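Before any comments, here is the structure.
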Amino acid sequence: MRQGRILAVGAISLALAAEIAGQSANCSFNPDSGLSPREIWSRLSSQADLVAPLARRRAAQPRPEPVVLRNFVDTEIFGKMERDGIRWTVPSSDEEFLRRVSLDLTGQIPTAEKVKQFLADTSAGKRDRLIDELLASEEFVDRWTLWLGDHVQMVQISDNVPMGRSGRDAYYTWMRDSFRAARPYDQMVRELITGRGLSHTSGPANYWVRQIQTNGPLHDTWDNLSARTGDMFLGLPLECVSCHSGLGHLEAVNTGLVPRTRTEFWKNAAFFATDAHRFQEGANLEIEWLVEPNRQPARAQYSLNTTSGNKTPRQPGSDGKNVVDPAFFLSGEQPREGEGRREAYARILTAHPQFARATVNYIWRQIFGLGIVEPADSFDLLRQDTATLVPGATLQPTHPELLTKLANHFVANGYNIRTLLRTIVQSSAYQLSSYYTPGPWNELWTPYYARHYPRRMLAESVIDAIIRVTGVNTQFQVANSNLTITRAMQLQDPTEGRGSFRPLLDAFGRGDRDSTARSRDGSIVQALVMLNDPFVTTRIRATSGTNVDRILRTSQVPATIVEELYIATLSRRPSTAERVAAVAYLQSGDLARRTEDLQYALLNRLQFLYN
């Protein structure tokens, strides 16, 4: 890549330079960064206006666009907007929809051939057929295995304990096989909670291994398991009450936890107290963990006699009892006679309505970028409906009835994640355009979903999209493995992915599933690596095997070249203004070099990085 190439793109580079500056200044948004709902709304709005800014130049509509109500999602979303006088935008174009739903369901941009095929199809129901095709794909399995890996923080090395590569592989394989087989999500969670055995062969056993605390009593591990199941599967921040009761501590944080006591948390942790763990040397000198019933019966109970570790001392309460029996945090339900404690906990947790409510909210947030409840891991159970609402407080869900209907739909359809996703992405609410056409946008409308909010691609999606656009394939290095991986979306965890693509993965915020969460923030570093990293710059050349070379071998007509590059890179045809500028640029110099420049510029468009 010759020095200063970006400056050689002429008129195209002007828009690109403005976008890069805007990306670092205005697209720094991570919904997992502890922001308040209002702050999230503001960031989403700013980001939408940066990526899809055309609305401000349009006259206001006197009435909202007519919309087809496709399911209960639309009834709730558009019904609320109608009642509150909020105008929604127009439906997305086929180009916009195709790229969006492909990235949301599979993490991959559509191929150029798929774009052409979809745009040429004039038959009814083509969007529904596309959705079913994506849900049935291996790319869907990759994408949602990645989601669950993030959700349960599956990684071979963490601050607390080494899971090891073999344990990680077993865990990953179990997740992937579960999604491929469309295993019900409640069943998956029960298997995780009850997982036992050797970590190198029993994938679910690694859910326990991930929560091991080695520098304290076994109680600390039981507490970790209790808190993490509350966070991951109930959307409740139970960590707070693992050290102290809520009263006097959580009034400004979570009203639902204020009356809850540390004893109630201990009872929830006691479901894990009959089991323990130990390690041994496994293959390749890796630690292999064994999760099994506690071999010391005297320790197979949650006793209130600890003074060391990561928690404040556990001491008997006013009743003088120094042992707590298991009781579910939300209902007080206990194991049935003869039922194993962890089996009981898995059954009770997945049958509780909060499990379904938290799950659909987490998944809704993956698709829309904004949960119906925010923060998604901090449900306040006294702010969910008017019957339990604390005086002076507001409801936490922006759409309470929708959340309930989604949860009931999830349960009624056997906790099937594909069915839930199909319902969401088939809705007209999901299929609205990112461009807000009725007039100037007001960020206070953000929780109404009156437009779609563009989000930056996942780090792995960025890598895979560059590979797909440029036509230059690669194999990803996985240490001590015979696996052949050709998509970054298939990497088992963030410790993998060495080689020329690692700087991009790190720059685009894949996180480490431990101390650093995944991020969709924008940054100047991302702009710099897209402009300068050889992983990008070597792939846009007119050399054998690249997409630029293939296009030039097929046609020397500038208009055709422009069309092909836009479809391959941005999944859409160029606008009239873009076509005129690009054709003029190609005609003004060496065609091969200028085609490289155009490919380079398009890869650095915000519209490439955002869906």
**Request:** Kindly indicate the residue of the range 286-306 that is assigned to a loop (DSSP other than H, G, I, E, B) and charged (D, E, K, R) and also farthest from residue 206 (Cα to Cα) among those meeting that condition.
**Result:** 295
**Item:** Any pair with Cβ under 9 angstrom, 6 or more apart, that starts in the range 354-383 at a residue that is over 16 Å from residue 257 (Cβ atoms) and ends at one that is of a type in the set (S, T, N, Q) and open to solvent by 30 Å² or more (accessible area, probe 1.4 Å)
**Value:** 356/408; 357/404; 370/398; 371/398; 372/398; 374/36; 374/398
**Fill in**
Restricted to the range 271-305 and to residues being open to solvent by 30 Å² or more (accessible area, probe 1.4 Å) and β-branched (Val, Ile, Thr), the residue modelled with the lowest pLDDT is 287
**Prompt:** In this structure, does residue 520 turn out to be more than 23 Å from residue 541 (Cα to Cα), open to solvent by less than 40 Å² (accessible area, probe 1.4 Å) and within 22 Å of the chain's Cα centre (by Cα)?
**Reply:** no
**Request:** Answer yes if at least one residue in the range 525-534 is among the aliphatic types (A, V, I, L, M) and open to solvent by less than 10 Å² (accessible area, probe 1.4 Å), and no otherwise.
**Result:** yes
**Message:** For a quick check of your reading of the model, give me the residue pairs whose first member lies in the range 155-166 and is within 12 Å of residue 200 (Cβ to Cβ), whose second is assigned to a helix (DSSP H, G or I) and among the polar types (S, T, N, Q), with beta-carbon atoms closer than 7 Å and at least 6 apart or on different chains.
**Reply:** 163/206
**Request:** Could you list, in sequence order, all residues of the range 117-138 that are open to solvent by 50 Å² or more (accessible area, probe 1.4 Å) and under 19 Å from residue 458 (Cβ atoms)?
**Result:** 138
**Request:** Would you kindly identify the helices (runs of 4 or more DSSP H) lying entirely within the range 174-280 that contain at least 1 residues that are more than 26 Å from residue 360 (Cα to Cα) and touching a residue at least 24 places away in the same chain (Cβ under 8 Å)?
**Result:** 205-210, 218-234, 262-269
**Request:** Inspect all residues belonging to the range 307-329 and state whether any of them is in a helix (DSSP H, G or I) and either in contact (Cβ under 8 Å) with a residue 12 or more places away in the chain or within 32 Å of the chain's Cα centre (by Cα) (or both).
**Result:** no
**Asked** Picking from 412, 393, which residue would you name as being of a type outside the set (D, E, K, R), modelled with pLDDT of 95 or more and surrounded by fewer than 18 Cβ atoms within 10 Å (Cβ to Cβ)?
**Response** 412
**Prompt:** Does the range 232-240 include one or more residues that are under 26 Å from residue 297 (Cα atoms) and out of contact with any strand residue (DSSP E or B) (no Cβ under 6 Å at 6 or more places or on another chain)?
**Reply:** no
**Message:** If a residue must be free of Cβ contacts under 8 Å to residues at least 60 places away in the same chain and open to solvent by less than 10 Å² (accessible area, probe 1.4 Å), how many such residues does the range 575-595 contain?
**Reply:** 2
**Prompt:** Does the range 448-463 contain any residue that is open to solvent by 10 Å² or more (accessible area, probe 1.4 Å), polar (S, T, N, Q), on the phi < 0 side of the Ramachandran plot and under 23 Å from the mean Cα position of the chain (by Cα)?
**Reply:** no
**Prompt:** Out of 310, 305, which single residue is closer than 17 Å to residue 212 by Cβ and out of contact with any Leu (no Cβ under 8 Å at 6 or more places or on another chain)?
**Reply:** 310
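Hey, any hits in the range 430-437 for a residue that's open to solvent by less than 40 Å² (accessible area, probe 1.4 Å) and either of a type in the set (Lys, Arg) or more than 24 Å from the chain's Cα centre (by Cα) (or both)?
Initial filter on the range 430-437 (open to solvent by less than 40 Å² (accessible area, probe 1.4 Å)): 430-434, 436-437.
Still in the list and also either of a type in the set (Lys, Arg) or more than 24 Å from the chain's Cα centre (by Cα) (or both): 436-437.
Yes, that holds for at least one residue.
To keep it simple, each residue is scored yes or no on (1) more than 20 Å from residue 610 (Cα to Cα); (2) not in a loop (DSSP other than H, G, I, E, B).
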{"residue": "527", "(1), (2)": "no, yes"}
{"residue": "539", "(1), (2)": "yes, no"}
{"residue": "543", "(1), (2)": "yes, no"}
{"residue": "550", "(1), (2)": "yes, yes"}
{"residue": "553", "(1), (2)": "yes, yes"}
{"residue": "556", "(1), (2)": "yes, no"}
{"residue": "561", "(1), (2)": "yes, yes"}
{"residue": "566", "(1), (2)": "no, yes"}
{"residue": "569", "(1), (2)": "no, yes"}
**Request:** Please work out if residue 361 is outside any loop (DSSP other than H, G, I, E, B), of a type outside the set (Asp, Glu) and surrounded by fewer than 18 Cβ atoms within 10 Å (Cβ to Cβ).
**Result:** no
**Message:** I want to confirm something. Restricting to the range 396-408 and keeping residues that are more than 20 Å from residue 89 (Cα to Cα) and either open to solvent by less than 40 Å² (accessible area, probe 1.4 Å) or in contact with a Gly (Cβ under 7 Å, 6 or more places away or on another chain) (or both), which single residue is modelled with the lowest pLDDT?
**Reply:** 396
**Request:** Evaluate the range 85-103: report whether one residue or more is under 17 Å from residue 445 (Cα atoms), at pLDDT 50 or above and either polar (S, T, N, Q) or in a helix (DSSP H, G or I) (or both).
**Result:** yes
**Residues that are buried (at least 20 other Cβ atoms within 10 Å of the Cβ) and of a type in the set (S, T, N, Q), drawn from the range 310-353** = 350
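The values are calculated or read from the model by the stated rules, or taken from the named source; none is laboratory data. Quick caveat, the model's predicted, so the values are computed rather than measured. Every residue, glycine as well, gets a Cβ built from its backbone with ideal geometry; the counts of neighbours run over all protein chains shown. Protein only, heavy atoms only, side chains kept; ligands, DNA and RNA dropped before computing areas. Shrake-Rupley method; radii C 1.70, N 1.55, O 1.52, S 1.80 Å.
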